[in-house]
Amino acid sequence: MTLLSVRNIETWYGPVNAIKGVSLDVPEGRIVAVLGANGAGKTTLLKTIAGVVDPFKGSILFDNEPIDRLDPDVVARRGVVLVPEGRQVFPFLSVKDNLMMGCFARKTGAGVSDDLERVFAWFPRLHERVAQHGGLLSGGEQQMLAIGRALMAKPLLLLLDEPSLGLSPLLTKEIFKIIARINAETGTTILVVEQNATVALATAHEGYVMELGRIVAAGPCSELMAKQDVQDFYLGGAASREATDAGKQRWKRRKTWR
């Protein structure tokens, strides 16, 4: 079953056409990755889905219901929860209070304690720092806190915007292992945008590649990893700098690639 269906979305920032006719599907219970360099439109895509930015045209269906003209808080209450780029934790609130802020969209308080314990099981370091202010955590711990806060909203669809941003390779691997564990243990559907193609493709089930506001490739992650253009441009698959540069030039010259 398709949980999220995006069709021919166009999003503008004033005179800038940031998203140009993007379509994608996110099946229920799967992890879907959107890859692309800075400026590809990945963050704008997530903001459009979450209702932070209104699309100029196109449609977004979530659980077969349109959400493309709803306010962000309404979208969140429907079950679509965004973990924004840069974490945006509350610096002067404790770890626990930050997590409890994620409960605003819940209709009742039932199960909050159990969900909090589950978050602490996924992120033991948050449990260790439960009374510490969010602003005093490390970058990796703040990313864990931002994801944990979103999970406290009991999302049906979790949107992750660059979860590896500013993190070491070791912490990046740890975060993505936890993402995979959350999906496996809860069945939560996850759409993640990420520049680190290697870890994203190794974690997700399906993937899309964005370039300059458009989808230029899509398919199962195993197929994307096998594409020479993806290897050269994102995975460092070329044996030398010259081969990598040639791959980038092929990418730029390509008119159609599926």
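The values are calculated or read from the model by the stated rules, or taken from the named source; none is laboratory data. Being a predicted model, the structure only gives us computed values, none of them experimental. Positions of Cβ are generated from backbone atoms using ideal geometry, with glycine treated the same way; all protein chains shown enter the neighbour counts.
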Residue match in segment 148-158 (condition: in a strand (DSSP E or B) and out of contact with any His (no Cβ under 6 Å at 6 or more places or on another chain)): yes
Considering residues of segment 23-55 that are crowded, with 24+ Cβ neighbours inside 10 Å and in contact with a helix residue (DSSP H, G or I) (Cβ under 7 Å, 6 or more places away or on another chain) only, the residue farthest from LEU82 (Cα to Cα): GLY36
Some residue of segment 163-178 being polar (S, T, N, Q), touching a strand residue (DSSP E or B) at 6+ places or on another chain (Cβ under 7 Å) and in a loop (DSSP other than H, G, I, E, B): yes
Filter result for ARG118 (in the same structural domain as THR198 (by TED's automatic domain parsing), farther than 30 Å from LEU235 by Cβ and charged (D, E, K, R)): yes
Subset of segment 28-42 (residues that are modelled with pLDDT of 95 or more and under 22 Å from GLN195 (Cα atoms)): ARG30, ILE31, VAL32, ALA33, VAL34
Pair list, Cβ < 9 Å and 6+ apart or interchain, from segment 52-67 residues that are in the same structural domain as GLU10 (by TED's automatic domain parsing) and among the hydroxyl-bearing types (Ser, Thr, Tyr) to residues that are buried (at least 19 other Cβ atoms within 10 Å of the Cβ) and modelled with pLDDT under 95: SER59/ASP68
Only one of VAL74, VAL89, VAL112, VAL119 that is closer than 26 Å to LYS47 by Cβ, surrounded by fewer than 18 Cβ atoms within 10 Å (Cβ to Cβ) and among the β-branched types (Val, Ile, Thr): VAL74
Unmet requirement for LEU224, which otherwise passes all of (1) modelled with pLDDT of 95 or more; (2) in contact with a strand residue (DSSP E or B) (Cβ under 6 Å, 6 or more places away or on another chain); (3) surrounded by 20 or more Cβ atoms within 10 Å (Cβ to Cβ): (1)
Residue within segment 176-197 that is closer than 21 Å to ALA37 by Cα, touching a residue at least 12 places away in the same chain (Cβ under 8 Å), surrounded by fewer than 23 Cβ atoms within 10 Å (Cβ to Cβ) and of a type in the set (Lys, Arg) present: no
Condition broken by ALA239, with the remaining ones in (1) at pLDDT below 90; (2) aliphatic (A, V, I, L, M); (3) within 20 Å of ASN38 (Cβ to Cβ); (4) more than 17 Å from the chain's Cα centre (by Cα) satisfied: (3)
Those residues of segment 205-222 which are acidic (Asp, Glu) and farther than 16 Å from PRO27 by Cβ, in sequence order: GLU211
Residue in segment 92-101 that is of a type in the set (Phe, Trp, Tyr), more than 30 Å from VAL209 (Cβ to Cβ), in contact (Cβ under 8 Å) with a residue 40 or more places away in the chain and part of a loop (DSSP other than H, G, I, E, B) present: yes
